[in-house]
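Engineer: Okay, handing you the structure first.
The values are calculated or read from the model by the stated rules, or taken from the named source; none is laboratory data. Everything numeric in this text was worked out from a predicted model, so none of it was measured. Ideal geometry is used to build each Cβ from the backbone, glycine not excepted, and the neighbour counts take in all protein chains shown. The area values use the complete protein model at the heavy-atom level, side chains included, leaving out ligands, DNA and RNA. Shrake-Rupley method; radii C 1.70, N 1.55, O 1.52, S 1.80 Å.
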Amino acid sequence: MALFPVQGIVEGDFVVVLVPVDDTDPMTVVAEKIAYHGIGKRVAPQDRPLKVRWNGTVLADDSTIAGLGCAPMDVLEVLYA
Amino acid sequence: MPRLPRADWYDLTRDMNWDFSYVTEEDVFPELLSNGFGVPKQDWWTWDEPYKITYAEYVHNQAGKDAGLFTVNNVVGRSKIFENLEPGWMAATLAHYGAIAVGEYQAGIGEARMARFGRAASWRNMATYGCLDETRHGQLQTYFPYQALNKEPRLDWAHKAYHTNEWGMIAARHLFDDMFTANDAVSMAIQLTFTFETGFTNLQFLGMAADAMKVGDIDFGALISSIQTDEARHAQQGEPTLKILVAAGKKDVAQNLFDRMFWRAWKVFALLTGLSMDYYTPLEHRTHSFKEFMEEFINTQFIDQFRDFGLEAPWYWDQLLNEMNWVHHAYHLGVYYWRPTVWWNPVAGTLPEERAWLEEKYPGWNDSFGKYWDVMGENVRAGHPELTLPETFPVVCNSCQIPLCTPAGYAAGYLSSPLPLLLDLDGRRYTFCSEPCKWVFEQAPGQFKGHLSIIDRFLGGVIQPPTIPGALAYMGLSPEECGQDGTNYAWAHASVPVAGGVGR
């Protein structure tokens, strides 16, 4: 387990935020950690599950940063499914 | 005592060019400080400023300006004008003083460099006046706020800001170091005096002077009007330098220098002037939107002047026009949301009538930007203003050093992707907000790649503890200095979102 900085974008938000995640977090947790800084604060919440997109691909919920081989400060987008 | 007309002696006394015999040209004008771009020295000796002035005239004029200015300052200091300024205007002036005042001294270093390393005696003569000008501007813009410290202690940021690691000041230093502190005399004439001063300071100084007078801040209005008269003179060092470069077949050099600095200047002015004009200036005193001002003074008048010299609009022109619709709205949101990281109290500027004005000036604003304010307003009304405050940091661009707001451009329909641009170089990752910012970096990677943005410092362990309070302390912001909502959330309580718009 290691802290891992990523650049997070919440779909519909206006800014890229710095988010520390854990490299073993499943994408469901990564999504929550990024969404925490935008949804309900500047972006209206929706009653739908969140997904993470990386390099144009929507990631499986159980995939992890370590398993995918993401680099520090890669850009992860959080969007509603 | 009989006096000759100026025209009878001016050219003789200012032209002290000669051939060196004891030293080489390279020793006198080393490339690092005075890059002549291969233009023969005799060509530089044709340098001729469009506006002539002698030292006696300079002293006479400046003394007269200062006499008038300090009279205004003295009278205003005994009045209640300052106390009655509206919160938004107070935010604009505090931001201005911190961002500009000590930078003026730094510009004096640049002018002094041209006064020594400019390639012609006539140019060095003009730059000497420019150095005196910038010193005056630094003194005035630290003295005027100093006079009002008993009314607003954070006016000491006029002097303090430049010496801190506050994120906006890192951006300002990054820009000004590139433009003059780390620049050679010839490039500086194109980038500082032509691109920045001729093009952009008009925007900040003329626009804000007019707004200041309307607001009733005659002290600030008189101050920056007086400064602008100096700027208008010494900015003219750019034109003859540009003409010589173009005549010598160095048009591509001039175009590149211009393109690099025009974009950089745009980003900082969008941050500083964009917020002041469209959000901080009280609604009843606004004459132009920031976009209208840019279109009139920069995109039309200035670029027309640029084309007269045979140069073209920068390659990123369409992107500039695109950003004028949205980027400063995003910067305003960012400054407001991360308000503890600035030394002024940002106002939201989103009362219903203000939102109507924004919608009129920027059609679609309510849908694209008003939606963020709707969510924040709901949180305030629900008793949770803490949800309008940050718990992490925005990532900043490794070129302009301003938070990455590409998602706003995408969400508003102006960009095809919300993603920032990445560059991996020598084992390090760099992030950019836009193609032109990445291009600026790539023009001189050796100059820029060692710089650490505020986020690089955070991740690299420079900022301790690595928390919001730790970062604020690193930026030089005590809790008393951190920005707060300038109107105590009046905007949120005055506006309630309704279908199709905003009502009370």
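Engineer: Please report, ordered by residue number, the helices (runs of 4 or more DSSP H) entirely within region B:1-96 with at least 3 residues that are assigned by TED's automatic domain parsing to the domain that holds B:THR241.
Structural biologist: B:41-44, B:55-77
Engineer: Hey, B:ARG381 hits all of (1) open to solvent by 20 Å² or more (accessible area, probe 1.4 Å); (2) over 26 Å from the mean Cα position of the chain (by Cα); (3) within 10 Å of chain A (Cβ to nearest Cβ) but one; which does it fall short on?
Structural biologist: (3)
Engineer: Okay, next question. Show the residue pairs meeting these rules: Cβ distance below 8 Å; 6+ apart or different chains; first residue within region A:17-39 and charged (D, E, K, R); second residue in a helix (DSSP H, G or I) and open to solvent by less than 30 Å² (accessible area, probe 1.4 Å).
Structural biologist: Every condition considered, the pairs that remain are A:ASP22/A:ILE65; A:ASP23/A:ILE65; A:ASP25/A:ILE65.
Engineer: Next up: Can you name every residue in region B:459-496 that is within 19 Å of B:LEU389 (Cα to Cα) and of a type in the set (A, V, I, L, M, F, W, C)?
Structural biologist: The answer is B:ILE468, B:ALA471, B:LEU472, B:ALA473, B:MET475, B:LEU477, B:CYS482, B:ALA490, B:TRP491, B:ALA492.
Engineer: State all residues of region A:56-81 that are surrounded by 14 or more Cβ atoms within 10 Å (Cβ to Cβ), β-branched (Val, Ile, Thr) and more than 10 Å from chain B (Cβ to nearest Cβ); if no residue qualifies, say none.
Structural biologist: A:THR64, A:ILE65, A:VAL78
Engineer: Going residue by residue through region B:192-208, is there one that turns out to be surrounded by fewer than 20 Cβ atoms within 10 Å (Cβ to Cβ) and either without any contact (Cβ under 8 Å) to a residue 24 or more places away in the chain or in the same structural domain as B:ASP456 (by TED's automatic domain parsing) (or both)?
Structural biologist: No: region B:192-208 contains no residue that is surrounded by fewer than 20 Cβ atoms within 10 Å (Cβ to Cβ) and either without any contact (Cβ under 8 Å) to a residue 24 or more places away in the chain or in the same structural domain as B:ASP456 (by TED's automatic domain parsing) (or both).
Engineer: Determine, yes or no, whether B:PRO363 is buried (at least 20 other Cβ atoms within 10 Å of the Cβ) and either in a helix (DSSP H, G or I) or more than 14 Å from chain A (Cβ to nearest Cβ) (or both).
Structural biologist: no
Engineer: Considering only region B:360-377, how many residues are out of contact with any Leu (no Cβ under 9 Å at 6 or more places or on another chain) and touching a residue at least 60 places away in the same chain (Cβ under 8 Å)?
Structural biologist: So the count comes out to 4.
Engineer: Still on this model: So which helices (runs of 4 or more DSSP H) are wholly in region B:266-323 and hold at least 1 residues that are open to solvent by 10 Å² or more (accessible area, probe 1.4 Å), farther than 26 Å from B:GLY409 by Cα and touching a residue at least 60 places away in the same chain (Cβ under 8 Å)?
Structural biologist: Result: B:303-308.
Engineer: Let me ask another. Looking only at region A:19-55, count how many residues are open to solvent by 10 Å² or more (accessible area, probe 1.4 Å), within 7 Å of chain B (Cβ to nearest Cβ) and in a strand (DSSP E or B).
Structural biologist: Summing the residues that are open to solvent by 10 Å² or more (accessible area, probe 1.4 Å), within 7 Å of chain B (Cβ to nearest Cβ) and in a strand (DSSP E or B) in region A:19-55 gives 1.
Engineer: While we're here: Do any helices (runs of 4 or more DSSP H) lying entirely in region B:391-462 carry at least 3 residues that are more than 10 Å from every other protein chain (Cβ to nearest Cβ) and either open to solvent by less than 60 Å² (accessible area, probe 1.4 Å) or among the basic types (Lys, Arg) (or both), and which ones are they?
Structural biologist: Where helices (runs of 4 or more DSSP H) fall fully within region B:391-462 and carry at least 3 residues being more than 10 Å from every other protein chain (Cβ to nearest Cβ) and either open to solvent by less than 60 Å² (accessible area, probe 1.4 Å) or among the basic types (Lys, Arg) (or both), they are B:435-443.
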